[in-house]
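For reference, the structure is listed below as structure tokens.
The values are calculated or read from the model by the stated rules, or taken from the named source; none is laboratory data. In this text the structure is predicted, and so the values were computed from the model without any measurement. Here Cβ is always computed from backbone atoms with ideal geometry, including for glycine, and neighbour counts include all displayed protein chains.
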Amino acid sequence: MFSLEQLVSFVAVAEELHYGRAAERLSMTQPPLSRRIQLLERELGVELFDRTHRTVRMTPAGRVFLAEARKILRSAHEATLYARRAKKGEAGVVTLGFTATAAYSSLERVIAVANAEVPGVDLVLRELVTAAQVEELLAGGIDLGMIRPPVTGADVVTLPLWRERLLAALPSAHPLARRKKNPDVRDFDGEPFIMYSPSEGRYFHDLVVAVFRSARVLPEYTQYPCQVHTVLALVKAELGVALIPAAAAALRFEGVVLRPVDGVENRPVELELMWRRSNDNPALGALLAAVGNQVRRARQSTVD
């Protein structure tokens, strides 16, 4: 098989059509350049040049091979650049897990940061609940997860991303939806309430239970779905009221009114990034640095 060195020599002779000038361009003498071309022709089994004492012309096979040789050299050059960029984290692939609720707004923000700050890094996206993300992370199935806390482990690192409010989701005909002032958390005492599943929707289940326990409120739990969009569908069907993360307002269910709730901690819904400390993917490091900078800027603007 021919070498890249032979291809570089061939392209130089093909472009100069003069062995002396081609040798000078390559900073070598003419005899070894001639031997390289002869060895290349022997490898290929075709003549690439018609040679006379005064002229050098390309054969039809040489003209065809020139186009392919340029492609090969260009690919080799690009491969070198990609390898160097990958080492620096400027190129590569990161597999990112995310929860369904994260997809409503937070996922978009992470993708925007990646596109702006590390455009050479490709994201492979996988929708998984937090527990499944932890399993996939430890097994090497994902590089990065967008999860609901808490998650612990000797090799697991987390970074708080953003916090958001809880909103009341009310059927449009409900008395709490019709009055002008925001509902208070105590208004849910004894109300038919769509609660999250204690297994598949554990994070939101535990969060809402803690909110009601703190306020000494006990609603009448009617259904236990695991996904926010299902909760909203059941509210629309007037099976009860609910509390949802503010990002879910993007779903825009007709017949459902969303209102802030008085008496609830400001922005209690948390989202974190999770990765393994031992992950040596350079692209992951570059993405984490970009997202970390974005988070710090967002926090600073909040403080200001």
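Among the residues of the stretch 76-101, those that are assigned to a helix (DSSP H, G or I) and either in contact with a helix residue (DSSP H, G or I) (Cβ under 8 Å, 6 or more places away or on another chain) or under 30 Å from R42 (Cβ atoms) (or both) comprise A76, H77, E78, A79, T80, A86, K87, K88, T101.
For (1) closer than 25 Å to V185 by Cβ; (2) hydroxyl-bearing (S, T, Y); (3) at pLDDT below 95, each residue gets a yes or a no:
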residue	(1), (2), (3)
G120	no, no, yes
E135	no, no, yes
P149	yes, no, yes
T152	no, yes, yes
L159	no, no, yes
W162	yes, no, yes
P171	yes, no, no
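Of all the listed residues (L40, L7, L73, L66), the sole one being in contact with a Phe, Trp or Tyr (Cβ under 7 Å, 6 or more places away or on another chain), surrounded by 15 or more Cβ atoms within 10 Å (Cβ to Cβ), assigned to a helix (DSSP H, G or I) and aliphatic (A, V, I, L, M) is L40. Restricting attention to the stretch 199-219, the residues that are surrounded by fewer than 18 Cβ atoms within 10 Å (Cβ to Cβ) and out of contact with any Phe, Trp or Tyr (no Cβ under 7 Å at 6 or more places or on another chain) add up to 10. T222 falls short on exactly one of the conditions (1) buried (at least 17 other Cβ atoms within 10 Å of the Cβ); (2) modelled with pLDDT of 95 or more, and that condition is (1). If you filter the stretch 75-118 down to residues that are among the hydroxyl-bearing types (S, T, Y) and farther than 30 Å from R165 by Cβ, you find that the one that is modelled with the highest pLDDT is T95.
Within the stretch 183-196, restricting attention to residues that are surrounded by fewer than 16 Cβ atoms within 10 Å (Cβ to Cβ) and out of contact with any Gly (no Cβ under 9 Å at 6 or more places or on another chain), which residue is farthest from P268 (Cα to Cα)? Here the answer is G190. Can you confirm whether D206 is touching a strand residue (DSSP E or B) at 6+ places or on another chain (Cβ under 7 Å), at pLDDT 95 or above and among the acidic types (D, E)? So D206 fails the test. Run down E254, E272 and say which single residue is acidic (D, E), exposed (fewer than 13 other Cβ atoms within 10 Å of the Cβ) and over 16 Å from V211 (Cα atoms). Going through E254, E272 in turn, just one is acidic (D, E), exposed (fewer than 13 other Cβ atoms within 10 Å of the Cβ) and over 16 Å from V211 (Cα atoms): E254. Examine the stretch 253-266 for a residue that is touching a strand residue (DSSP E or B) at 6+ places or on another chain (Cβ under 8 Å) and closer than 30 Å to E117 by Cα, and state whether such a residue exists. No, the conditions are met nowhere in the stretch 253-266.
When the residues of the stretch 91-129 are filtered to those that are more than 16 Å from L144 (Cβ to Cβ) and over 14 Å from the mean Cα position of the chain (by Cα), the one that is surrounded by the most Cβ atoms within 10 Å (Cβ to Cβ) is T101.
Restricting the search to helices (runs of 4 or more DSSP H) fully inside the stretch 187-304 and requiring at least 2 residues that are under 24 Å from the mean Cα position of the chain (by Cα), assigned by TED's automatic domain parsing to the domain that holds D122 and under 30 Å from Y82 (Cβ atoms) gives 282-303.
Among the residues of the stretch 45-59, none qualifies, meaning not one is assigned to a helix (DSSP H, G or I) and either free of Cβ contacts under 8 Å to residues at least 12 places away in the same chain or surrounded by 14 or more Cβ atoms within 10 Å (Cβ to Cβ) (or both).
Could you list, in sequence order, the residues of the stretch 10-37 that are without any contact (Cβ under 8 Å) to a residue 12 or more places away in the chain and either part of a helix (DSSP H, G or I) or not polar (S, T, N, Q) (or both)?
If the condition is that a residue be without any contact (Cβ under 8 Å) to a residue 12 or more places away in the chain and either part of a helix (DSSP H, G or I) or not polar (S, T, N, Q) (or both), then E15, E16, G20, R21, A23, E24, M28, Q30, P31, P32, R35 are the ones that fit.
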